[in-house]
Each structure stands twice: as structure tokens, then as C-alpha cells.
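Here's the structure we're looking at; comments come further down.
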Amino acid sequence: MPLKRHLGLIHVFCISSGAMISSGLFILPGLAHAQAGPAVTLSYLIAALLAMTGMLSIAELATAMPKAGGDYFFTTRTMGPAVGTVSGLLTWLSISLKSSFALVGMSAFTALFLDLDIRLIGIVFCFCFTLLNWVGAKETGRVQVSMVIGLLILMIFYIIKGLPSVNVRHFEPFAPRGYGAVLATAGFVFVSFGGILKTASIAEEVENPGKVIPLGLILSLLIVSLFYVLMVFVTSGTVPAATLDGSLTPITDGARIFMAHSGVLAMSIAAILAFISTANAGIMAASRYLLAMSLDRLVPQPLSYIHPKRGVPSVAIFITGGVIALALFLKLDLLVKMASAVLILTYILANLSLIILRESRVQNYRPMFKAPLYPWLPAIGIIGCSVLLVTMGPHILGLTALLIAAAGFIYWFYGRIKAERDYALLHLVARLTAREIRTGNLELELKTIIRERDNIIADRFDDLIETCPVLDLPGTSTQADFFHRAAEELAKKLEMDVETVTNLLITRERESNTAISPDLAIPHIIIDGENRFEILLARSREGIRFSEENPAVKAVFVLAGTRDDRNFHLRCLSNIAQIVQDPQFVKRWTAAKNEAALRDLILLGHRQRNG
């Protein structure tokens, strides 16, 4: 059962923003300041710039494959189920840990008003958000919008009130522990930008994903990055280093200095809203990873169960909620560092996936948004994120390696046995080695995804293309040779004599040349009878000699129909005219790998469809 598309631009923006604005702002600045000093502002900026490279790659991949599971789905279709299993499980765990971290922060603020153990408070909140996600994505999105709007208003208030109180002496020395520490701290705070992955994971539930996802991601990252830099700048410039270093309530400390008691209350409310939005979005996003992996048979099948009434992956939601509740009992710094390390690894894989998909030249990879400055931007992202990962130290690298090994163990003893899949890396290897090692399943899956994404409903023209004869002619051909070959194929479908069909094609060509461009011809004939219509597709890389003016026609559409189907005949001509208007059509037609690829070019071509 497919997920329902309920989420618009405001939902995508608020889910992404709400998932980013939480612990990264209301807890981490104090811990980060202790590592980098006032240059922590620069650490956040570096992390944001590297996150931008991954975000643009994710935006392109999500518009080509708007499916539940986000980066897991991209990675599996790019590098195979083994890498996909590792990526999916680690990202699921990372988002769950980040959500648990948010619940710890929220519980700490709530404990100021309630005399209860913060773990108990966190478990109660976890249960509430799990239940909210079970109610449905649309309802969850509405709650997220309200929380994020309120949060942004309070943050603007903090910046406006705090900027006049900034003391430049608080920035001296700017980087007391050197710029190596600034770079290492950028890796530490990278977890702040995990909201982008959460949005990609719910892409299947986004309306008009080709436009909404990239716009929502770009707006959220730009706006949140600006807020991060400004708020950390204000906090570093108003709170003395002795107070700020290691503080778990840095924004509240700043509000206490220049906003008095009311400001402290307002920022406490803002922090709670931020933690709520992160935990809420985290459960929504993480559960979709389990759903996608289950659909691919890499984890047990019950995880793909979709509630028939609510349209949500209920089993995956409740398991994710349970893991988040258990993670409340882990150490805080371990939660942060592991979540950051896995997120950095995920961004590396996203950039690498983009490069592999582009270079593999998979025909049905058709993103509606393309990341700019390719291949330099994803390459910079891979290198920069790798440097951040290394600076986090051998302890975190060792733990990350253990998690990768554990995920690989799950794939080896479960997913490897259950699942077989075509992926883009095979297409790239085939292209580089000229060996045919692909199955074609990836092209078929991408075609299905495009139809779902673009709401394509097959009409009569599509039905004909799916079953029509296709000629892929070697070398060069004369017009007479081509007409004879085409007549042989059409005669079988039309149940006519080959010579009769050949004569009809020759007679029609004598009336007027059917080559409408140097690369394209559309011969069309009228046959006897009623309610009969057939199409033949032909491709000649070397060219068919239609006439002196058109000696190398590469694409031919032969139409044959009865007089009573005159209107459909004209509609077919119109459909073909719209499809071949694509400036890349001839290039794609000649590069198509096989008969199925030729059909797909027509079936997925841009045109006005009729039911």
C-alpha cells in the first residue's frame, strides 16, 4: 500500500528546519565553545557549507527518486544492497540518537518545572510523539508547522535584543586552541544539520516532489544556517567564556544577560519547542528507513506494514520509538558524537551516489532538479566531510567502524539471502569495461518511480508503445530496405500481406516526404477495416537514407490505422511531436542501450496525456 502524499512546501520547510533547530542550537554551542572558543561561529559556518554540498546532492536524488527511506534508497540503487543496508541502518540509528538527544534536552528544561527524573520525562514524551506519528503524517506535519513558526519568532526576538549587547572583547582571542580545533568542532556540530536527511526520508509523502523538495531543503538550510550563525555569534559576544564553556543551556544564559527573566522564560519555551519538533520529525523520518529496507527485503517484512486507515508504517514507527526511549539511558556526549559521525558518513555517500548515477548514464535517472557545479561541488563535499570525520578522533572512528561491521553482519546473514538488485555502479562498470553485467531492473524501477512522481496515467498511446514492434537496425539502410523490414513487422500485427503494407508505405512516401527533420521521419498510412491502429519504432544509429535531403534519419515512427481512427491518428502525431521537441531526444535515442530503453524514451517523454 503506497504512502499518502499530504506534505506541501510549508511542511517540508518546517520538518527540515524543526529537525535542525534543537540540540545543535540550544545545547551544543556551550560544548562547542569550550573546544573552539569564539571561533565556534566559524565552526558552524564550515559545517553549514559542507552540509550545503550534501543537501544539493540529496535534493537532486530525491527529485529523481522521491521514495520513503531517502538517502538509503538512493545509496542502495547506486552502490548496491550491501552498502545500502549499512547506510540505512546507520542513518536510522543516527536519527534515532539525535531524537533521543533532543528528548534529553527537552526533559532537562521540563525538569525545571517538574520534580521528576529527566529519563522518565523523556520516555513519556517519546510515547506521545510515537503516538502522534501513528495518527498520520498530515497531522504530524501540521503540528510541526505550528511549532517551527513559533520557534522562528522567538529566535528573531533573541537576535534583535542581543545584537546591541555584543561585546567585541568576548571574541579575543578568536581561536585560542588554533584553527585545527575549529575544524574538529565543525565535525562535532555537524549533527545540527541532520534535518535534511529527515526530509529526504519522507519524500514519498510530499506533493509535487520535483519542485517542493529542493525548494524546501534550500530554504530551510539557508535560513537555519543564518539563524545558527547569528545566534551563536550573539551568545559568544554576550556570555563570558567562563560561563559559556561547557554550558548545557547557552541560549538561556545569553537571554539571562540581556533579556532578564522574561527572556529566560521565552528562550526556555523556544528550546522546548525545538526539542519537540526534532523528536517529532525524527520518529517520522527514522521509521521510513525501516519501511524502505523492509520493502527491499533487507530487514524483516513486518516492518513494511502500512496501516490501511492511517497510511503510515505503524510497526516501524513503534520500533523506532522504542529504540529512541532506550537511547535515553546512553551518555550525552556519545549520543552527539556518534550521531554526527554517521551523518557525515551519510553525506559522503550522498555526494558519491550523485557522481555514480550521473556517470553511469542510467537512462531513466531523470531528476527534476540538478545540483549545480557538478562534479566540483559533490567532490568538495566528499573531501571536506572526510576531513571532518577524521578530525573527530580514533575513538569515534572505531565505534563507527563497529557499527558498520554490525550492519554488514545483518546484510550478510539476512539481506544477502533475501534480496537481489540491479544498481547504478554496475551500469558504470559496464560502461567502463564494455561488459554487459546489468539486469535492467534499475531502469524498470526508475520508470515506475517517474510515473508515480509525475502522476502519469497510461493512455491508449502508452499501451500501443508498450507492445509495438521495435526495429534496431545495424549499419546504414536505404528507404526501400527499411520499408520492407517495417512492413514485415507491421503485417504480423495488422494481419495483412507484407507486400500490401510495403506498397502503402512506398505510395505514401511518393505523395510527400515523411522525413520531418534530418534525424526524424514519421511515415503514416491508412489501411482498410475498422478500429485498427499500430505503431512501429525504428532506430538506426548510422542512419536511413530517406532522401537526398535527409540521408541519415535515425528515429522513425511508422503509424498505420483505419479511417475511423483518424482522430487518434492525429493525436499520435501530436504526441510524437511533443516528445521529440526535447533537445536531447536524438542523443538519448541513439544512446539507448536496447529495445526496452527505446520504449522508455517514448513512455516517459514530456507530452500532454489523454485518458
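Annotations for the structure displayed:
- Failed condition for PHE227, given (1) under 15 Å from SER192 (Cβ atoms); (2) buried (at least 24 other Cβ atoms within 10 Å of the Cβ): (2)
- Leading residue by the ranking (surrounded by the most Cβ atoms within 10 Å (Cβ to Cβ)) among those in region 173-190 that are among the small types (Gly, Ala, Ser) and assigned to a helix (DSSP H, G or I): ALA186
- VAL556 meets the stated requirement of being in contact (Cβ under 8 Å) with a residue 60 or more places away in the chain and farther than 24 Å from SER360 by Cα.
- LEU45 vs. criteria modelled with pLDDT of 90 or more, more than 22 Å from VAL323 (Cβ to Cβ) and touching a Ser or Thr at 6+ places or on another chain (Cβ under 9 Å): yes
- Selection within region 55-74 - of a type in the set (A, V, I, L, M, F, W, C) and either assigned to a loop (DSSP other than H, G, I, E, B) or farther than 19 Å from VAL224 by Cβ (or both): LEU61, ALA64, MET65, ALA68, PHE73, PHE74
- Of all residues in region 280-294, those that are within 19 Å of SER16 (Cβ to Cβ) have Cβ atoms under 8 Å from Cβ atoms of residues that are among the acidic types (Asp, Glu) and assigned to a helix (DSSP H, G or I), 6 or more apart or on another chain, in ARG288/GLU204.
- Given (1) surrounded by 24 or more Cβ atoms within 10 Å (Cβ to Cβ); (2) closer than 17 Å to MET20 by Cβ; (3) hydrophobic (A, V, I, L, M, F, W, C), index of the condition ILE272 fails: (1)
- Some residue of region 77-89 being assigned to a helix (DSSP H, G or I), modelled with pLDDT under 85 and assigned by TED's automatic domain parsing to the domain that holds TYR289: no
- Only one of ASP582, ASP528, ASP600 that is buried (at least 19 other Cβ atoms within 10 Å of the Cβ) and of a type in the set (Asp, Glu): ASP600
- Of the residues making up region 535-582, those that are part of a helix (DSSP H, G or I) and charged (D, E, K, R) number 5.
- Options ARG510, ARG609, ARG539, ARG566; residue that is farther than 19 Å from LEU473 by Cβ and touching a residue at least 60 places away in the same chain (Cβ under 8 Å): ARG609
- For ARG609: the one exception among (1) of a type in the set (D, E, K, R); (2) part of a helix (DSSP H, G or I); (3) under 23 Å from ILE449 (Cα atoms): (2)
- Taking helices (runs of 4 or more DSSP H) as the structural unit, those lying wholly within region 1-54 and holding at least 2 residues that are β-branched (Val, Ile, Thr) correspond to 9-20.
One line per residue, one yes/no per condition, for (1) surrounded by 24 or more Cβ atoms within 10 Å (Cβ to Cβ); (2) among the small types (Gly, Ala, Ser); (3) under 17 Å from the mean Cα position of the chain (by Cα):
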site: GLY18; (1), (2), (3): yes, yes, no
site: SER22; (1), (2), (3): yes, yes, no
site: PHE26; (1), (2), (3): yes, no, no
site: ALA32; (1), (2), (3): yes, yes, no
site: LEU45; (1), (2), (3): no, no, no
site: MET55; (1), (2), (3): yes, no, yes
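Conditions (1) in contact with a Gly (Cβ under 8 Å, 6 or more places away or on another chain); (2) among the hydroxyl-bearing types (Ser, Thr, Tyr); (3) part of a helix (DSSP H, G or I), marked per residue:
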{"residue": "GLY263", "(1), (2), (3)": "no, no, yes"}
{"residue": "LEU273", "(1), (2), (3)": "yes, no, yes"}
{"residue": "ASN280", "(1), (2), (3)": "yes, no, yes"}
{"residue": "LEU298", "(1), (2), (3)": "yes, no, no"}
{"residue": "PRO302", "(1), (2), (3)": "no, no, yes"}
{"residue": "VAL315", "(1), (2), (3)": "no, no, yes"}
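- Single match in ALA371, ALA379, ALA406, ALA341 (criterion: in contact with a helix residue (DSSP H, G or I) (Cβ under 9 Å, 6 or more places away or on another chain) and not in a helix (DSSP H, G or I)): ALA371
- Failed condition for ALA325, given (1) under 23 Å from TYR414 (Cβ atoms); (2) buried (at least 17 other Cβ atoms within 10 Å of the Cβ): (1)
- PRO214 being at pLDDT below 90 and either within 27 Å of VAL342 (Cβ to Cβ) or not β-branched (Val, Ile, Thr) (or both): no
- Enumeration of residues in region 356-374 that are hydrophobic (A, V, I, L, M, F, W, C) and over 14 Å from the mean Cα position of the chain (by Cα): ILE356, VAL362, LEU373
- Inside region 277-334, residues that are more than 26 Å from PHE26 (Cα to Cα) and of a type outside the set (A, V, I, L, M) make up a count of 18.
- Within region 441-469, the set of residues being surrounded by 13 or more Cβ atoms within 10 Å (Cβ to Cβ) and assigned to a loop (DSSP other than H, G, I, E, B) comprises ASP454, ILE456, ALA458, ASP459, CYS468, PRO469.
Conditions (1) touching a residue at least 40 places away in the same chain (Cβ under 8 Å); (2) of a type outside the set (D, E, K, R); (3) not assigned by TED's automatic domain parsing to the domain that holds ALA64, marked per residue:
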| residue | (1), (2), (3) |
| --- | --- |
| ILE449 | yes, yes, yes |
| GLU488 | no, no, yes |
| MET496 | no, yes, yes |
| ILE535 | yes, yes, yes |
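- Any chance ALA175 is in contact (Cβ under 8 Å) with a residue 12 or more places away in the chain, aliphatic (A, V, I, L, M), in contact with a Pro (Cβ under 8 Å, 6 or more places away or on another chain) and over 20 Å from PHE233 (Cβ atoms): no
The values are calculated or read from the model by the stated rules, or taken from the named source; none is laboratory data. This is a predicted model, so every value here is computed, not measured. A quick note on method: Cβ atoms are made from the backbone with ideal geometry, for glycine too, and the neighbour counts reach across all protein chains shown.
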